[in-house]
Structures are given as structure tokens and as C-alpha cells.
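Worksheet: one structure, shown below.
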């Protein structure tokens with residue numbers, strides 16, 4: 001099994017764009033990152049990309065940390081688009097709300113590996129699609145998937161450089177159109193899932209790129225607190241950490 005380095009990208013700046021409970025939510029995400037690092041370091045070398053704004057919050061994680069500029073952003077996955085080209089051959093992008101129970105196995109016989117696939121008719125796509133209809137950027141997206149699914153990018157590894165470049169180019173094109181109406185867009189994090197995940201599936205469908213999914217690999221065992229789950233269940237991880245510490 002190839003030895004992979006897992007790479008996080010993390011900034012607090014995005015939380016400043018949000019409203020209401022987002023400051024509290026950021027603290028939960030930061031807690032998830034710390035627990036993910038503590039647990040996942042048992043199996044993999046880890047690396048973190050962050051910015052000056054966030055560095056003091058993560059400098060004590062005891063993993064390799066690189067500071068880069070995350071100033072140009074509006075959507076959640078802007079940070080991934082900026083980090084993806086920096087990944088080395090043995091590095092896999094991973095979200096701070098993924099917690100491994102064993103070493104991550106990454107199949108290399110696909111153009112891209114993602115975390116899992118969801119129905120394109122899931123509520124979090126349908127709600128965003130309805131809200132996006134008045135905006136010009138939505139006309140650049142295809143809300144029909146060949147497979148009827150969209151991939152979750154909590155785990156992300158490209159094995160096809162052209163696919164990576166096609167995705168980044170298309171993402172930036174759609175993002176630029178969206179930003180022309182920035183003053184009218186709904187508050188962050190609205191529409192992030194359309195640019196980061198639906199658009200990725202559009203590119204894969206257009207060029208017939210192949211996608212594999214980590215959760216369908218029987219060698220993998222992990223927990224992903226995706227979406228709102230992380231705000232409800234992240235404290236349960238304390239039990240596993242305590243158990244691990246006392247072994």
C-alpha cells in the first residue's frame with residue numbers, strides 16, 4: 001500500500017463572511033481539525049496549508065504547516081482550488097471533519113478519487129439550485145448528472161492532470177461570473193456546493209473522466225462528519241480520543 005500524506009487546507013477568514021452562528025460553528029470546525037490531526041497522525045504524515053490570519057490558531061498542531069495567501073475567496077471551495085495545484089504526487093487533500101480508523105487506501109486506477117457520491121436530487125443540491133436560478137452563474141452549470149450523482153470532495157486526489165486543470169479553469173470561469181453579482185448573492189456559504197461539487201461532476205461528465213469513491217473501497221474505515229453532522233456529533237469523538245490515549 002502506498003504511503004500517502006494527508007493535506008488539510010484551513011482558514012478562519014471564510015467564517016467572517018458568514019452570519020449568525022458561524023463564529024460558534026468555526027470553533028467546532030477548529031476542534032474537528034485538532035481531533036482529526038490527533039487521530040489521523042496515527043496512520044499518516046500530515047500537512048496543513050493555512051494563512052497568516054489563521055496561523056496562530058493552528059501553529060501548535062505539531063504537523064508541517066505552510067502559510068499561503070487565501071485572500072481571494074468567497075465560496076467554501078475557493079480554498080481547495082488554490083491548494084490543489086500545490087499537492088505533491090503522494091499527497092491527498094482531506095477535510096478536517098474526516099477521522100480515520102485505519103490507514104487510508106487510495107485507488108490509483110481512476111482519474112479522480114473523492115470521498116463518496118450523493119444523489120443529485122439531495123436536498124442540499126435542490127435547495128441551492130432553486131436559490132441560484134436568478135443568477136447568471138447558474139446558467140453555466142448543468143443540473144443533470146449522467147449518473148444521477150454528485151461527488152463529495154471531503155477526500156480529493158487527482159491522477160489526471162488535464163482533469164485537474166479543466167476543473168480549476170471551469171471553476172474560475174463560473175466563479176468570475178458569480179462575482180459579477182456579488183452584491184446580490186445570498187450570504188456565505190450559499191452556492192459553494194454548486195461550484196465545488198456540482199461543477200466538478202459537470203467537468204467529469206463533459207470529458208468522460210472516471211471517478212472512484214473512498215467510502216466504496218472496502219479497505220477504508222473512517223467517519224466523515226459532513227454538513228451539519230459536524231455541529232451535532234463532533235463531541236462524540238472525545239470518547240474515541242480518550243480511549244486511544246489510555247490504551
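The values are calculated or read from the model by the stated rules, or taken from the named source; none is laboratory data. In this text the structure is predicted, and so the values were computed from the model without any measurement. Heads up, the Cβs are rebuilt from the backbone with ideal geometry, glycines too, and the neighbour counts pull from every protein chain shown.
Observations, loosely collected:
- Some residue of the range 92-102 being buried (at least 18 other Cβ atoms within 10 Å of the Cβ) and farther than 28 Å from residue 141 by Cβ: yes
- Residues of the range 113-130 classified as out of contact with any helix residue (DSSP H, G or I) (no Cβ under 9 Å at 6 or more places or on another chain) and assigned to a helix (DSSP H, G or I), total: 4
- Hey, residue 143 crowded, with 16+ Cβ neighbours inside 10 Å and either assigned to a loop (DSSP other than H, G, I, E, B) or at pLDDT below 95 (or both) or not: yes
- Number of the condition not met by residue 127 [criteria: (1) out of contact with any strand residue (DSSP E or B) (no Cβ under 8 Å at 6 or more places or on another chain); (2) touching a residue at least 12 places away in the same chain (Cβ under 8 Å)]: (2)
- Pairs where the first residue, in the range 168-187, is at negative phi and the second is exposed (fewer than 11 other Cβ atoms within 10 Å of the Cβ) and not in a helix (DSSP H, G or I), C-beta under 7 Å, 6+ apart: 187/19
- Residues that are in a loop (DSSP other than H, G, I, E, B) and more than 16 Å from residue 2 (Cα to Cα) within the range 42-54 comprise just one, 51.
- Where helices (runs of 4 or more DSSP H) sit wholly within the range 181-247, those with at least 2 residues that are at pLDDT 55 or above occupy 199-207, 237-246.
- Considering residues of the range 9-40 that are outside any helix (DSSP H, G or I) and surrounded by fewer than 17 Cβ atoms within 10 Å (Cβ to Cβ) only, the residue modelled with the highest pLDDT: 18
- Checked against the criterion of being out of contact with any helix residue (DSSP H, G or I) (no Cβ under 8 Å at 6 or more places or on another chain) and surrounded by 21 or more Cβ atoms within 10 Å (Cβ to Cβ), the candidates 157, 184 yield just one match: 157.
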